[in-house]
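The next block holds one structure in the form of structure tokens; read it before the comments.
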Amino acid sequence: QLQLVESGGGLVQPGGSLRLSCAASGFTLGTYVIGWFRQAPGKEREGVSCITNLGGITNYADSVKGRFTISRDNAKNTVYLQMNSLKPEDTAVYYCAADGPTLSRRCVLSSGDFGSWGQGTQVTVSS
């Protein structure tokens, strides 16, 4: 059974940091491109970041560039999203998603390209 499970969300003050984890089971993470998406109340799902399975090439939304960092640990079958300098507008449910199996050196933040999704983890940035 293919599963993605997010964790690490919570309540944090503006300027704070969180690290989200996405643990994969039922498939080999190294054969998939992985993306992080988020959805705030009343808004459409937004691509945040993605990482390829060849070369570890990353892509980021302009709104998070320089503040968020995506990484993968294939030995642990886990992808991470380090979130620094958090802002209230970062408040959302964050989802990880998998595209594959594939061999790719490119990823695009388009939700339609990702077929498997986790259940999401809530991130709230507030004073």
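The values are calculated or read from the model by the stated rules, or taken from the named source; none is laboratory data. Everything numeric in this text was worked out from a predicted model, so none of it was measured. Cβ: placed from backbone, ideal geometry, glycine included. Neighbour counts: every protein chain shown. Ligands, DNA and RNA are stripped out before the accessible areas are found, and what is left, the full protein with its side chains, is counted by its heavy atoms. Shrake-Rupley method; radii C 1.70, N 1.55, O 1.52, S 1.80 Å.
Counting only C-alpha contacts under 8 Å and six or more residues apart, can you give the relative contact order of the chain as a whole percent?
Relative contact order, the chain: 37 percent.
What is the dipole size for the chain, taken about its Cα centre, with +1 at each Lys and Arg Cβ and -1 at each Asp and Glu Cβ, in debye to the nearest 20?
Details: 11 positive and 9 negative charges, 46 e Å.
With only Lys, Arg, Asp and Glu charged at Cβ, the dipole is about 220 debye.
Restricting to DSSP loop positions (anything but H, G, I, E, B) with no more than 12 other Cβ atoms inside 10 Å of their own Cβ, which trypsin sites (Lys or Arg not before Pro) remain in the stretch 52-86? Mind showing how you got there, number by number?
Values: sites: Lys65, Arg67, Arg72, Lys76; in loops: Lys65, Arg67.
Passing both the DSSP loop test and the Cβ count: Lys65.
Run the accessible area of the stretch 32-108 with a 1.4 Å probe and give the carbon-and-sulfur part as a rounded percent.
Values: 1730 of 3730 Å².
Looking at the stretch 32-108 in its full context, I get 46 percent from C and S.
Using the Karplus curve 6.51 cos²θ - 1.76 cosθ + 1.60 with θ = phi - 60°, work out ³J(HN,Hα) for each residue of the stretch 99-108 in order, rounded to whole Hz, and write x for Gly and Pro.
10, x, x, 7, 10, 9, 10, 9, 9, 10
Restricting to bridges with both residues inside the chain, how much of the DSSP beta-bridge set is antiparallel, in percent to the nearest 5?
Details: 37 of 40 bridges.
DSSP beta bridges in the chain are roughly 90 percent antiparallel.
Per residue, how many Å² of accessible area does the stretch 29-68 show with a 1.4 Å probe? Write out the running numbers ahead of the final one.
On the way: 1780 Å² over 40 residues.
That works out to 45 Å² for each residue.
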